[in-house]
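Inspection log for the structure reproduced underneath, given as structure tokens.
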Amino acid sequence: MAIQISVPKETAVGERRVALVPEVVKALSKSGVSIVVAPGAGLRAGYPDSAYTAAGATLEADRAKLLGSAALLLKVQPPSVEEVRSIPEGAVVVALVNASRSLEEVAAMRDRRLTVFALELLPRITRAQSMDVLSSQATVAGYRSALIGAELTPKFLPMLTTAAGTIRPAKVLVLGAGVAGLMAIATARRLGAIVEGYDVRRAAGEQVRSLGAKFLELQINAEGAGGYARELTDEEKKQEAEMVAKAVADADIVITTAAIPGRRAPILVREEMVARMRPGSVIVDLAAETGGNCALTKPGEQVVAHDVTIAGPLNLPSQLPFHASQMYSKNVQSFLSLLLTPTGTLVTDYSDEILKGTLLCQGGTVVHAPTAALLAGGK
């Protein structure tokens, strides 16, 4: 018998995304599943209730009933402790759980004996690329970060030739050349800025240069035996740190993107580096949610220090909820291809590498070892 998929309205502060968009509802309905959506669940993302009903979903205004009848609950953020109380024991939850920052919710889901798949735990393998919510949402964040920098800087980004003279292009420095960093570089380039990128991974240089940006690196020979890179000497590390500090001082906009899953973000921009920046310069810190890459970042705030504006935005994908939801929903659809049978029932064998890797809770146990350790107080 086909199961019911429930999509509640997100309740986290500032969250405007929705787990399923009408296009994906229509595709999933073909497998025979019943999809129930809370009224207004997609409205803040630009998806009206009428689009859901036209796609085959049913609307359910009673929140407790929506949650209580779910065999599979799809969310962006993890369900709140209050929501967990209404979810049937043994139901399946798929969401971005971010367990290290949601321990109370994880404990509640464990005690409710829910089967929980945390999409941020997806293994980095080729087969999982279409399900990679971290990459899709980082793309949105990187794009938005460049726009925030452009909005806060008192300068034009492109070079302009006007009757009042020539305006020189702004300089943008992006620290970290992962998905978000590369998207920030590409967006800043489209806006006409001179862009530099930096990453501790030398291999990222090719991707940065392919976007028309300069890659910061020391002109040294770091090749070791067998073609592998050797570790830099202390003197070379010092030179590299000074190179980055000089690039920060020369930039009009600095965008930082370095994050380590489950840990505090590394400090890339120290206070003395901020003090060397020109008045009116801008730092956009994409790692604000995990403490920030700038020593002066205040998560969720915009502050001015040493005449430099430092923005620490939270949940940037939610600021572009239409396409962020569309991308997230497509990722979820791909993930469900492993979790649902062709007849619309839930699989019970989680031996698949992707399902096994994302499984957080099952049968009253937190099966993800790092999260279990955090709940146990690290003991």
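Bear in mind these aren't lab numbers, they're just calculated from the coordinates by the rules spelled out. Just so it is clear, the model here is predicted, and its values are computed rather than measured. Cβ: placed from backbone, ideal geometry, glycine included. Neighbour counts: every protein chain shown.
Remarks
- Near the amide H of residue 305, within less than 5 Å, lie the amide hydrogens of 310, all on another chain or at least 5 residues away, with H placed in the peptide plane.
- Listed pairs 9/214; 75/237; 155/246; 246/330 exceeding 32 Å between Cα atoms: 9/214; 75/237; 246/330
- Considering only the chain, percent of DSSP beta bridges that pair antiparallel, nearest 5: 30 percent
- Net lengthening on full extension, residue 161/residue 111 (0.36 nm per residue, minus Cα-Cα): 11.5 nm
- Cβ crowding within 10 Å ranks 87, 255 as 87, 255, fewest other Cβ atoms first.
- Qualifying trypsin sites (Lys or Arg not before Pro) for the stretch 95-179 [loop in DSSP, other Cβ within 10 Å: at most 12]: 124
- Debye, to nearest 20: dipole size of the chain, +1 on Lys, Arg Cβ, -1 on Asp, Glu Cβ: 460 debye
- Order of 104, 10 - criterion: other Cβ atoms within 10 Å of each residue's Cβ, fewest first: 104, 10
- Sequence-distant contacts, meaning Cα pairs under 8 Å at least 6 residues apart, place the relative contact order of the stretch 153-314 at 18 percent.
- Whichever aspartates and glutamates have a C-alpha closer than 16 Å to that of residue 171, once near sequence neighbours (fewer than 8 apart) are set aside: 151, 196, 250, 252
- Where both bridge residues fall in the stretch 58-204, DSSP classifies roughly 20% of the beta bridges as antiparallel.
- Extension reserve of the residue 2-residue 53 stretch, reckoned as 0.36 nm per residue once the Cα distance is removed: 16.5 nm
- Counting every other Cβ atom within 10 Å of each residue's Cβ, 215, 322 order from fewest to most as 322, 215.
- Projecting the Cα positions of 207, 8, 248 onto the charge dipole of the chain (unit charges on Cβ atoms of Lys, Arg, Asp and Glu, taken about the Cα centre) puts 8 furthest along the positive direction.
- Positive-end residue, the stretch 282-379 charge dipole about Cα centroid, Cβ charges, pick of 332, 304, 362: 362
- Placing unit charges on each Cβ (+1 for Lys and Arg, -1 for Asp and Glu) gives the stretch 153-314 a dipole about its Cα centre, and among 157, 286, 260 the Cα reaching farthest toward its positive end belongs to 157.
- Put a plus charge on the Cβ of each Lys and Arg, a minus charge on the Cβ of each Asp and Glu, and nothing anywhere else: the dipole of the stretch 263-366 about its Cα centre is then about 160 debye.
- Rounded to the nearest 20 debye, the dipole size of the stretch 153-314 about its Cα centre is 420 debye, using +1 on the Cβ of Lys and Arg and -1 on the Cβ of Asp and Glu.
- Among the listed options (i) 144; (ii) 162; (iii) 173, the one matching volume of the Cα convex hull per residue in Å³ as calculated from these coordinates is (iii).
- J(HN,Hα) series, the stretch 347-354, from Karplus relation 6.51 cos²θ - 1.76 cosθ + 1.60, nearest Hz, glycine and proline x: 6, 10, 9, 9, 6, 4, 4, 6
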